[in-house]
Amino acid sequence: MTTSSAPGKIILFGEHAVVYGRPALAVPVTEVQATATIRPGAGPGIWIEAPDIGLHSELSRLPADHPLAAAVHGVFAALSPSLHVGRTEGVIIHIASTIPVASGLGSGAAVSVAVIRALSAHLRRPLPDERVSALAYEVEKLHHGTPSGIDNTVITYAKPVYFMKGQPVETFQVGAPFTLLIGDTGIPAPTKESVAAVRKLWEADKSRWEKIFDEIGEIARNAREKIVNGEWKKLGSLMNANHALLRQLTVSSPELDRLVEAGLRSGALGAKMSGGGRGGNMIALVERKNAPAVAEALKSAGARRTIVTQVR
Ligand code: PMV
């Protein structure tokens with residue numbers, strides 16, 4: 001039996017601008033995770049079991065663009081020609097996840113990474129991180145069209161990541177652990193749509209929005225420094241500034257703004273929406289002892305769920 005787990009993720013700074021080549025920061029959320037377990041099957045064939053989504057199917061019955069099928073085929077393609085999907089002994093791939101789906105916590109990428117790692121290890125050909133991340137990126141494309149690649153990167157490396165499209169991965173150390181509260185509006189918001197909305201704005205007035213992307217990129221660069229040095233008050237201010245720019249980009253929403261304000265009023269050092277926006281999650285930087293009070297305030301302001309995470 002081979003098991004592999006991958007964490008969730010949250011974007012701290014730079015969403016949307018990252019699509020236009022600016023840097024973004026994201027961290028793993030280790031309090032939630034996806035786990036893939038591979039067992040030898042009783043007979044031939046590759047079976048996929050994901051009870052959380054009511055899936056129990058042989059690989060060949062799933063459409064090729066099903067994300068789980070794509071992850072499995074990706075592993076075999078990477079290991080070919082020495083291994084072939086039709087010539088392998090039967091296996092059962094069991095998937096379980098505590099990462100809320102479609103809420104900007106990277107559940108899709110985490111499932112892909114867990115499956116790719118567990119399966120390649122089971123086949124005695126464990127893939128290096130670079131390959132794992134690249135394969136998970138191919139699966140991400142099926143979900144999102146043109147993802148920047150930040151999800152598969154931070155989840156594969158399971159470390160804080162300073163991400164720039166097309167650049168080598170830069171992980172970094174935080175100066176001291178810090179606490180984030182993630183507040184979920186409960187409003188499903190497809191990232192594809194908010195990314196397309198920003199694209200429309202940009203096409204209508206490139207110079208205006210390029211300036212905003214520059215400002216966001218500058219914030220992400222500064223934020224990395226504050227995290228490395230443990231300057232939490234300054235980090236909080238940068239979150240507020242990034243949120244204001246995301247509002248200008250029209251990707252916030254009244255519900256997100258309400259949670260951000262409630263966080264700040266109840267003692268957070270900074271707060272902003274996170275990810276695609278127009279729903280989904282926001283984050284608040286809090287002192288650990290204040291986390292319960294801020295979580296209560298977020299719930300009163302409409303948060304469906306809160307997650308406290310320690311970034312280290
Ligand atoms: O909603 P999330 O957490 O998947 O993040 C989307 C981040 C964007 O920058 C808006 C898109 C991307 O591909 O990076």
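Observations on the structure shown:
- Whole-number accessible area per residue in Å² for the chain, which is evaluated in the context of all protein chains at 1.4 Å: 44
- Separation of the stretch 243-312 from the stretch 148-222 is 16 Å, based on Cα centroids.
- Long-range HN-HN contacts of Leu55 with modeled amide H, under 5 Å: Ala50
- If R0 equals 41 Å, the separation of the Cβ atoms of Glu218 and Glu31 corresponds to a calculated FRET efficiency of about 0.85.
- Couplings for the stretch 162-175, taken from phi via the Karplus curve 6.51 cos²θ - 1.76 cosθ + 1.60 with θ = phi - 60°, read 9, 10, 9, 3, x, 9, x, 5, 10, 8, 8, 8, 7, x Hz in order; Gly and Pro are left as x.
- Distance violations [Cα-Cα > 20 Å] among Lys9/Lys159; Lys9/Lys272; Lys159/Lys192; Lys9/Lys234; Lys226/Lys272: Lys159/Lys192; Lys9/Lys234
- Using the Cα coordinates of the stretch 2-170, the gyration tensor eigenvalues translate into equivalent-ellipsoid semi-axes of 28, 16, 14 Å, sorted from longest to shortest.
- Note on Gln310 and Glu296: the model spin-label points, each 7 Å out from Cα along the C-beta direction, lie 2.3 nm apart.
- Percent of Cα-Cα distances greater than 32 Å, calculated over the chain: 28
- Per-atom-type breakdown for the stretch 2-170 gives carbon and sulfur 55% of the accessible area (1.4 Å probe, protein chains only).
- When its C-alpha radius of gyration is set against 2.2 N^0.38 Å (N residues), the stretch 173-311 gives a value of 1.04.
- Helical content alone sets the calculated 222 nm signal of the chain at -13500 deg cm²/dmol, taking -39,500 (n - 2.57) per DSSP H segment of four or more residues and averaging over every residue.
- For the stretch 35-40, 3J(HN,Hα) computed residue by residue from phi via the Karplus equation (6.51, -1.76, 1.60; θ = phi - 60°) reads 10, 10, 10, 10, 10, x Hz, glycine and proline entered as x.
- Taking Cα centre as origin and charging only the Cβ of basic (Lys, Arg, +1) and acidic (Asp, Glu, -1) residues, the dipole magnitude of the chain rounds to 340 debye.
The values are calculated or read from the model by the stated rules, or taken from the named source; none is laboratory data. Keep in mind that this is a model prediction, so the values were computed, not measured. Note: ideal-geometry Cβ built from the backbone for every residue, glycine included; neighbour counts use all protein chains shown. Ligands, DNA and RNA are excluded from the accessible area calculation, which covers all protein heavy atoms including side chains. Shrake-Rupley method; radii C 1.70, N 1.55, O 1.52, S 1.80 Å.
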